[in-house]
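Notes follow the structure.
The values are calculated or read from the model by the stated rules, or taken from the named source; none is laboratory data. All figures in this text were calculated on a predicted structure; none of them were measured in a lab. Using ideal geometry, Cβ is built from the backbone for each residue, glycine included, and neighbour counts are taken over all protein chains shown. Surface accessibility is based on the protein's heavy atoms, side chains included, excluding ligands, DNA and RNA. Shrake-Rupley method; radii C 1.70, N 1.55, O 1.52, S 1.80 Å.
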Amino acid sequence: MNIEQLKEFVALEKRKRDLDSELKAIAARLDDLEQALVPQFLNDGVASMKVDGRTVYLAQDIYAGPLNDRSEVIAALKASELGQYVSENYNTQSLKAFVREMAEEVRLRCEQEERLFTEEAVRAALPAPLGNTLKISFVHSLRSRKA
């Protein structure tokens, strides 16, 4: 048995455990900072900032979920001629993609009409039965990339 290799293995295992622990602490702190910074970006109307060679920017994601019961969404999808999103249940990823496409059209229309782009504007643009059963949420997060 090569004791030197075994010692190196043990040392690397310890280092890995320490790094995992440090990574968890860093991820928790990043989450705390994001919770504090996203509202500041939104309140100040700032889309991005360059800091220490990185561009920190506000990313927006759109989620669609049932206002009440999933069965209402299923019925609304069928009534809206969007049955391809339904299979006894509905494909949440496909529905999210459809809502994102609609949201992009609404965002462009809002920009042209100099109106505020809101969750309610997206909901109103959806086919009537579906729009009445979905809750639209804009979720913001911070991301960064090399500047």
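Here are the numbers for the structure shown:
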| quantity | calculated |
| --- | --- |
| Carbon plus sulfur fraction of accessible area for the chain, probe 1.4 Å, in percent | 51 percent |
| Positive-pole candidate from 142, 45, 129, dipole of the stretch 21-147, charges at beta carbon | 142 |
| Residue order for 117, 41 - accessible surface, 1.4 angstrom probe, largest first | 117, 41 |
| Cβ-placed point charges (K, R +1; D, E -1), dipole of the stretch 1-115 about Cα centre in debye, nearest 20 | 320 debye |
| Helix axis angle, 70-79 relative to the chain longest principal axis, alpha carbon, degrees | 50 degrees |
| Gyration tensor (alpha-carbon) shape descriptor, the stretch 78-119, a/c threshold 1.5 | prolate |
| In degrees, nearest ten, helix 92-112 long axis to first principal axis of the chain (Cα) | 70 degrees |
| Exposure rank, largest accessible area first [54, 145; 1.4 Å] | 145, 54 |
| Calculated Kirkwood radius over Cα pairs in Å (choose from (i) 19.0; (ii) 29.2; (iii) 18.2), label | (i) |
| Efficiency of FRET from Cβ geometry, residue 14 and residue 52, R₀ 35 Å, rounded to 0.05 | 0.65 |
| Cα-projected label distance for residue 93 with residue 79, points at 7 Å along beta-carbon direction, nm | 2.9 nm |
| Cα-based Lys proximity count in the chain, under 25 Å, for pairs eight or more positions apart or on separate chains | 8 |
| Cα long-axis angle, helix 3-44 against the chain (0 to 90 degrees, to the nearest 10) | 40 degrees |
